[in-house]
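Notes follow once the structure below has been shown.
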Amino acid sequence: MKKALLLLLLFAAFGSLKAQDTLQERKSIVTVSLFSPTVSYAPRYNIGYMHKVSRRWWAGIEAGYGNYGTAFGIGAEGGSDYITNDYKLFEVRPEIYFDLRPSSKLKHLVSAEFFYINHKDHFTTDRYYAPDGFTEYKYDAADYKRIKTGVNLNYSLMFYFTNRFGLLWKTGLGIANRTVKYSNLVNKVLLPNDNDEEWFGIDGYLEDSGTVNKFNFNQDLKLFYKF
């Protein structure tokens with residue numbers, strides 16, 4: 001009789017704990033970007049954290065790091081056209097989210113995302129444009145540095161696979177300030193001008209030195225875990 005009563009109490013306690021876990025709202029999310037290490041010409045690994053601060057508001061931050069040794073995907077396949085053995089990139093992205101449908105399991109979020117990117121590399125046998133946008137030089141070797149800051153306005157959808165796992169798809173548009181500097185140039189030579197500037201392309205951030213303000217397109221797909 002005592003054993004049966006003890007088992008009954010244990011089952012009741014376990015059921016109570018499980019019910020509390022089910023009813024308790026999970027307010028924290030960790031994310032891992034699936035796009036930044038695979039489909040970026042500046043590959044890096046991005047890990048983020050989001051926390052629910054009220055019924056509709058979330059606060060989050062994401063950090064990313066990449067170097068040549070960890071790179072794969074389209075950025076690595078380009079070889080010296082995109083990154084070299086000296087490639088390093090660090091970024092941080094704080095973000096504030098507003099939940100458009102707090103009572104729905106399919107989350108619709110709008111957000112303001114601020115970002116800082118520090119990108120360094122060392123290129124050989126290549127070219128770049130002076131800050132005037134017209135004067136073009138070639139060189140045998142040079143140190144490259146890109147600092148990019150700005151803000152994006154994003155729209156995100158959160159798809160749940162289970163109560164804890166899912167995908168977060170994000171797209172957005174913003175304004176960015178980009179500064180590119182070339183230093184320690186070896187055999188710098190002036191070339192005839194054939195400038196073909198790209199607003200959303202690769203050539204701009206790799207070849208255009210100086211500071212420029214530009215539109216910024218943002219898209220990502222993240223795997224998330226909620227706890």
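Suppose R0 equals 45 Å. What FRET efficiency, 1/(1 + (r/R0)^6) with r the Cβ-Cβ distance, do Ala59 and Asn85 give to the nearest 0.05?
0.75
For the stretch 69-128, which semi-axes, largest first and in whole Å, follow from the square roots of 5 times the eigenvalues of its Cα gyration tensor?
37, 14, 9
Stokes-Einstein at 25 °C, 0.890 mPa s, Kirkwood radius from Cα pairs: D for the stretch 38-96 in µm² s⁻¹?
193
What is the sum of charges, Lys and Arg at +1 and Asp and Glu at -1, for the other residues whose Cβ falls under 13 Å from the Cβ of Phe98?
+2
Cα-Cα over 25 Å: which of Lys170/Lys214; Lys181/Lys222; Lys52/Lys105; Lys88/Lys148; Lys170/Lys226; Lys105/Lys148?
Lys181/Lys222; Lys105/Lys148
Accessible area of the stretch 54-201 with a 1.4 Å probe: how many percent of it is carbon plus sulfur?
59
If you take every residue apart from His119 with its C-beta less than 13 Å away from the C-beta of His119, what net charge results, scoring Lys and Arg +1 and Asp and Glu -1?
For residues surrounding His119, the net value is +4.
The values are calculated or read from the model by the stated rules, or taken from the named source; none is laboratory data. This is a predicted model, so every value here is computed, not measured. Glycine also receives a Cβ, built like all others from the backbone with ideal geometry; neighbour counts cover every protein chain displayed. Heavy atoms of the whole protein, side chains included, go into the accessibility calculation; ligands, DNA and RNA do not. Shrake-Rupley method; radii C 1.70, N 1.55, O 1.52, S 1.80 Å.
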